[in-house]
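Scroll down for the structure; my scribbles are underneath it.
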Amino acid sequence: MQKLNLIVAVSALLLAGTAHAQADPRPALADRLVVLSANGMDKVLQRAIDQGFGGLDESLPEEQVLWLRRHTAPIIQTHMRPLMAATAAAYAELFTEAELTAMIAFYETPLGQNVARKQLEVSVEIEPAMQEFQESFMMEIMTKFCGQFDCEGEPAKATSAAKPNRH
């Protein structure tokens with residue numbers, strides 16, 4: 001009888017957990033929000049690719065440039081799927097149902113679609129600045145860190161003369 005009670009209790013807990021997970025609409029809402037906010041990504045992405053490969057016309061053979069233009073977007077889209085899934089999971093975790101619903105309502109409007117497209121364009125426009133920021137930040141933090149602590153590699157060698165005595 002105790003085994004039966006244990007089985008019933010465990011089954012009830014499992015069913016309750018499943019019902020709770022199914023009752024939470026946030027993951028589906030977050031998925032919808034990500035799809036809406038990425039609307040027009042293909043066009044923005046293609047423009048970015050065309051602009052980004054503009055200078056390659058002079059440095060690469062035409063066949064290679066054409067290959068890059070043809071294959072870059074599909075490859076990026078393949079890699080975007082896990083990123084979009086992670087974004088949706090973060091939205092589902094951080095936002096309430098009401099917040100997600102409100103954002104979806106906005107992005108479903110013509111104004112919301114314009115904002116979504118422009119947000120994508122801004123992301124593309126600031127990409128070089130973000131890369132420069134990340135590189136310069138990492139170089140400075142690692143140079144200073146290796147100036148304070150023992151590090152292996154170039155930053156430690158470059159800053160070993162400036163390393164303060166910690167004793």
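Residue-by-condition table, conditions (1) surrounded by 16 or more Cβ atoms within 10 Å (Cβ to Cβ); (2) under 15 Å from the mean Cα position of the chain (by Cα); (3) within 14 Å of Val34 (Cβ to Cβ):
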position: Thr78; (1), (2), (3): no, yes, no
position: Leu83; (1), (2), (3): no, yes, yes
position: Tyr91; (1), (2), (3): yes, yes, yes
position: Ala102; (1), (2), (3): no, no, no
position: Tyr107; (1), (2), (3): yes, no, yes
position: Pro110; (1), (2), (3): no, no, no
position: Leu120; (1), (2), (3): yes, yes, yes
position: Pro128; (1), (2), (3): no, no, no
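Take Val115 and decide whether it is surrounded by 12 or more Cβ atoms within 10 Å (Cβ to Cβ) and either hydrophobic (A, V, I, L, M, F, W, C) or at pLDDT 90 or above (or both). Working first, answer last.
On the way: surrounded by 12 or more Cβ atoms within 10 Å (Cβ to Cβ): yes; either hydrophobic (A, V, I, L, M, F, W, C) or at pLDDT 90 or above (or both): yes.
For Val115, the condition - surrounded by 12 or more Cβ atoms within 10 Å (Cβ to Cβ) and either hydrophobic (A, V, I, L, M, F, W, C) or at pLDDT 90 or above (or both) - is met.
List the pairs whose first member sits in the range 123-149 and is within 19 Å of Ile49 (Cα to Cα), whose second member is of a type outside the set (Gly, Ala, Ser) and at pLDDT below 95, and whose Cβ atoms are under 9 Å apart, counting only residues at least 6 apart or on separate chains?
Ser123/Val44; Ser123/Met130; Val124/Val44; Val124/Leu45; Val124/Arg47; Val124/Gln51
Hey, among Ala98, Ala89, Ala73, which residue is assigned to a helix (DSSP H, G or I) and touching a residue at least 40 places away in the same chain (Cβ under 8 Å)?
Values: Ala98 fails: touching a residue at least 40 places away in the same chain (Cβ under 8 Å); Ala73 fails: touching a residue at least 40 places away in the same chain (Cβ under 8 Å).
Criteria check complete, one pass: Ala89.
Could you list all residues from the range 130-150 that are surrounded by 10 or more Cβ atoms within 10 Å (Cβ to Cβ) and either over 30 Å from the mean Cα position of the chain (by Cα) or modelled with pLDDT under 50 (or both)? Break it down stepwise before answering.
Narrowing the range 130-150 to residues surrounded by 10 or more Cβ atoms within 10 Å (Cβ to Cβ): 130-149.
Answer for the range 130-150, where residues must be surrounded by 10 or more Cβ atoms within 10 Å (Cβ to Cβ) and either over 30 Å from the mean Cα position of the chain (by Cα) or modelled with pLDDT under 50 (or both): Gly147, Gln148, Phe149.
The values are calculated or read from the model by the stated rules, or taken from the named source; none is laboratory data. Keep in mind it's a predicted model, so treat the numbers as computed, not measured. Reconstructed Cβ throughout: ideal geometry from the backbone, glycine too, with neighbour counts over all protein chains shown.
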